[in-house]
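These notes concern the structure reproduced below.
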Amino acid sequence: MDNVQEILIEKIGKKRVEHSIGVMETAMELAKLYYVDMDKAKIAGILHDCAKYGDKSYLLKRASDFDIILDKIMIENYQLIHGPLGAEVAKEDFGVKDEEILNAIRYHTTGRENMTLLDKIIYLADYIEPSRNFLGVEKARKLAFENLDKSLIYAMDNTVIQLIKTSKLIHLDTIKARNYLVLKENSMDL
Ligand code: DGI
Ligand code: FE
Ligand code: FE
């Protein structure tokens, strides 16, 4: 894994690697705070966007090469493909075998029902890493270090609002991820 960053630059470019380094560092901080394996957070963080390049036909072809089953929403919003494709690329090109790491990469864009702590950390680190700069990021950053689930709900709410504002499709995993967390949060208020 020594030359991961150089190999990644060739694949996804310098700018996206800088983002990935930010995700890796943020994910390691969160992992330390929430008692998650820091090495797994490091690997998932640096590799999470390893398949984020190419146009729609290229992404569709690569997904089919790996026998990834794509649903209608992924095909329509092909940017979503880099999650599941990234897990296969991490396995094939970077030798990652750990299923927890692969799932964190696979679900980093949409989330999923009943996310693992590592899934949550990668999703959030991607959202709040230092170079992210959008309305609400400061609040998400603060929340991330106070209450992981509350900050995830905040990030997912904002994401869904943006998707609706731009008339995009919402992937079922995005909805399931949020519903699961909101139900859990509500049951804690009882
Ligand atoms: O790859 P990054 O840009 O670092 O970040 P990401 O993998 O979280 O992708 C972010 C984009 O994914 C953002 O524009 C919102 C979009 N997204 C997240 N959930 C959904 C979604 N897009 C659609 N169409 N449907 C979703 O459910
Ligand atoms: Fe991504
Ligand atoms: Fe990312």
The alpha-carbon pair-distance distribution computed for the chain, with 5 angstrom bins and whole-percent values, is 1, 8, 16, 21, 22, 17, 10, 3, 1, 0, 0
For the range 13-23, Karplus-derived ³J(HN,Hα) couplings (6.51, -1.76, 1.60; θ = phi - 60°; whole Hz; x for glycine and proline) come out as x, 5, 5, 6, 5, 4, 4, 5, 5, x, 5
Going from the fewest other Cβ atoms within 10 Å to the most, one would list H171, H48 as H171, H48
Of the listed links K142/K168; K11/K61; K11/K32; K15/K40; K61/K176, those spanning more than 25 angstrom between alpha carbons are K142/K168; K11/K32; K61/K176
Using alpha-carbon coordinates alone, the radius of gyration and Dmax of the range 66-120 in Å work out to 11.2, 30
Farthest towards the positive end of the dipole of the chain, among V23, T116, S57 and with Cβ unit charges of +1 on Lys and Arg and -1 on Asp and Glu, lies the Cα of S57
Sequence order, the range 35-50: Karplus ³J(HN,Hα) from phi using 6.51 cos²θ - 1.76 cosθ + 1.60, θ = phi - 60°, Hz rounded, Gly and Pro as x, gives 6, 10, 3, 5, 5, 5, 4, 4, 5, 4, x, 5, 9, 4, 9, 5
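Could you work out the relative contact order of the chain? I mean the mean sequence separation of Cα pairs under 8 Å and 6+ apart, divided by the number of residues, in percent.
21 percent
Give, to the nearest whole percent, the P(r) tail of the range 38-89 beyond 13 angstrom, counting all Cα pairs.
In whole percent, the share of Cα-Cα pairs in the range 38-89 beyond 13 Å is 55.
Laboratory data are not the source of any read-out in this text; all were calculated from the coordinates shown. The structure presented is a predicted model; accordingly, all values stated were derived computationally and were not measured. Positions of Cβ are backbone-derived with ideal geometry, glycine not excepted, and every protein chain shown enters the neighbour counts.
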